[in-house]
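The values are calculated or read from the model by the stated rules, or taken from the named source; none is laboratory data. Only a predicted model underlies this, so the values are computations on that prediction, with no experimental measurement involved. All Cβ positions, glycine included, derive from the backbone under ideal geometry; neighbour counts span all protein chains shown.
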2 protein chains.
Amino acid sequence: MQTLHVDLGERSYPIFIGERLLDSDELLPRYIRGKQVAIVTNETVSPLYLERLTKSLAGFTVTSVVLPDGEEHKNWKTLQLIFDSLLSARHDRKTTVIALGGGVIGDMAGFAAASYQRGVDFIQIPTTLLSQVDSSVGGKTGINHPLGKNMIGAFYQPNAVLIDTATLATLPPRELSAGLAEVIKYGLICDEPFLGWLEDNIGDLRGLNQAALTEAIRRSCEAKARVVGADERESGIRATLNLGHTFGHAIETHQGYGVWLHGEAVSAGTVMALEMSRQLGWITASERDRGVRLLSRAGLPVVPPANMCAADFLRHMAVDKKVLDGQLRLVLLKRLGEATVTSDFPQELLEATLNANYDALARESEPKRFP
Amino acid sequence: MQTLHVDLGERSYPIFIGERLLDSDELLPRYIRGKQVAIVTNETVSPLYLERLTKSLAGFTVTSVVLPDGEEHKNWKTLQLIFDSLLSARHDRKTTVIALGGGVIGDMAGFAAASYQRGVDFIQIPTTLLSQVDSSVGGKTGINHPLGKNMIGAFYQPNAVLIDTATLATLPPRELSAGLAEVIKYGLICDEPFLGWLEDNIGDLRGLNQAALTEAIRRSCEAKARVVGADERESGIRATLNLGHTFGHAIETHQGYGVWLHGEAVSAGTVMALEMSRQLGWITASERDRGVRLLSRAGLPVVPPANMCAADFLRHMAVDKKVLDGQLRLVLLKRLGEATVTSDFPQELLEATLNANYDALARESEPKRFP
């Protein structure tokens, strides 16, 4: 087991990473203050892991809340089911909410914990690669609104995060790839050596090699913890974690939630950010291609959806949270391993990026084969 | 104008108290960071003050959200109307939400500000005595759930609170009295000299004497700011602010929200807390009667509703937020001017309190008249 500390003053917390941590009956209880526990999970995850988790919580009064699975349920109506369960079972202010599942479960359970009786204890047990390396670190919680993703929520830190790498064995390959989009992102924005490591190990990661997964998760969480620790409320550097996300959110919104996985949209969005960084002259075409090739080898889409034109992107990006005082801010790369947030770019260059031929770009970035 | 500072480290904020502060066009803008402002108010308050407030915000983009009036609308459905308006008008993360109205508006607008895009700026302009002396100070925000009052919310501090004492001229006398219940509470729990001042000035307060109101509001806010500053998240001393509230919430729940005003329920609940403190031997019968008499002179009920028996109280109090690990905690008086939170009392004594003859007690506490 590896332990990592996210340093946020009095809201600091540990992240534990290792195989089969779910079965430990002495790790979790250390982070539970009261006698009541509410496990929030979904219909897909509960048959796999709920019983094992409940078994490790002998001695506590456990309430299970099993929600429908999917981003389309990340709304107030589903959140209300958590409150209904907590109140019906008379959970008091010392209760602990445990999120068992992917990013949607983590976001909803976290917002429920932040809001129930104005805030109760919260523990994350992320079971997808995406939530393990991204949404379980940093305290962002929330739900969607018909007019925008993650528009309602709270910054709320967990008491602890428990990452059981063995849970990835039950994850569909498409979702594993989606998680790798965020892993690759850390290399691109702040850790160039990690990018090289990923190029060497991408096959092992897709093949579920546990040691490789543990290493990739640890380095990703470290990168995120470092950035979040420096800027908890996203006033500056934290925004670089959104590389590819502004373009990606436009893709998700346009396709309808759930058609493209979040990581898939981020992957295509990252390719667009790489291309724009190249057009600005900050990175070379071959550096851009290095990023595109790695995303492609991770099993991710590197071309935006064919049904979207530049105007579609511009319309959706206008309501993005990265808009401040009407100005669109984008995360771009100064070089491989260093990102910046800027609204200082010519509009024509953004439009050229939106109109670029990504099919051709994807072909060019493919590794040259010799007969 | 009087200015008071609530000291909460980096979340400190000022409270301004004075006549006709609503018309000042230079006070408010100092606390608005961006260009967008959303005024959240209700159907009763908007015809009275919305136009004046909007006029003082020339130069800002103002969105008005007019909600239905009443505690029965303090729920998710109404909260959603705020989010709908903010998103439709494309408010970004630098927007400022202003609550213009009573406690229900403050609680809902505050929770909306806490949750919109995970937290935006917030200013309170309370227009009822109750919200001026209580709910605008301390950062408690939230909504009700069918299974309990204020069960969903956040601790969220405003940037500033603006109290215009002239707005009390449009408040129904019954609501003025309800506000006085909380004013009297501060005397009982932490300021015995203030209790004497109130006995001398209760007539002027009910007669809307502006100087008396300003003094009562200032001393109440000072008392609350002192307590909240010492214990922001209600782990200890802050709970003493709930004198009469555990009994009072039971009354509100049993009668249905809105039948008894919050302050009225708190008044009857305070009488029960006074009686229980007397039964414990902490205060004398004549000290208890001093409290009961002052509440009665303020125009408040001092007898619990006739349709509630001891079992009704016990049932409703079991889901109160003051229950921890199954133990009911009550705010009681060690002496006039000093409250304590305790679960260390015999169950029989609680039942004797619930079964006491409050009609007789109310008669006995009346000032003796000589022919």
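A few points about this structure:
- Annotation: of all residues in the stretch A:108-135 being within 9 Å of chain B (Cβ to nearest Cβ) and outside any strand (DSSP E or B), the one that is farthest from the chain's Cα centre (by Cα) is A:Gln117.
- Hits in the stretch A:60-79 - residues which are in a helix (DSSP H, G or I) and either farther than 16 Å from A:Met108 by Cα or touching a Leu at 6+ places or on another chain (Cβ under 7 Å) (or both): A:His73, A:Thr78
- Residue match in the stretch A:186-196 (condition: among the small types (Gly, Ala, Ser) and free of Cβ contacts under 8 Å to residues at least 24 places away in the same chain): yes
- Of the listed requirements (1) touching a strand residue (DSSP E or B) at 6+ places or on another chain (Cβ under 7 Å); (2) surrounded by fewer than 24 Cβ atoms within 10 Å (Cβ to Cβ); (3) within 14 Å of chain B (Cβ to nearest Cβ), A:Gln327 misses just one: (1).
- Comparison of A:Ile105, A:Ile98 shows that the only residue that is more than 10 Å from chain B (Cβ to nearest Cβ), of a type in the set (Val, Ile, Thr) and farther than 22 Å from A:Lys149 by Cβ is A:Ile98.
- Scanning the stretch A:243-288 for residues that are polar (S, T, N, Q) and not in a helix (DSSP H, G or I) yields one hit, A:Thr284.
- Just one residue in the set B:Gly179, B:Gly148, B:Gly139 is in contact (Cβ under 8 Å) with a residue 60 or more places away in the chain, within 13 Å of chain A (Cβ to nearest Cβ) and more than 30 Å from B:Arg33 (Cβ to Cβ); that residue is B:Gly148.
Yes or no, residue by residue, for (1) at pLDDT below 95; (2) within 14 Å of chain B (Cβ to nearest Cβ); (3) over 21 Å from the mean Cα position of the chain (by Cα); (4) buried (at least 22 other Cβ atoms within 10 Å of the Cβ):
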| site | (1), (2), (3), (4) |
| --- | --- |
| A:Ile251 | no, no, no, yes |
| A:Val266 | no, no, no, yes |
| A:Val271 | no, no, no, yes |
| A:Trp282 | no, no, yes, no |
| A:Gly299 | no, no, no, no |
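- Residues of the stretch A:148-162 classified as at pLDDT 90 or above, under 20 Å from A:His254 (Cβ atoms) and more than 15 Å from the chain's Cα centre (by Cα), total: 1
- Residue within the stretch A:37-48 that is surrounded by fewer than 19 Cβ atoms within 10 Å (Cβ to Cβ), outside any loop (DSSP other than H, G, I, E, B) and at pLDDT 95 or above present: yes
- Checking the stated criteria, A:Leu57 turns out not to satisfy the condition of being in contact with a helix residue (DSSP H, G or I) (Cβ under 8 Å, 6 or more places away or on another chain), of a type in the set (A, V, I, L, M) and either free of Cβ contacts under 8 Å to residues at least 12 places away in the same chain or part of a helix (DSSP H, G or I) (or both).
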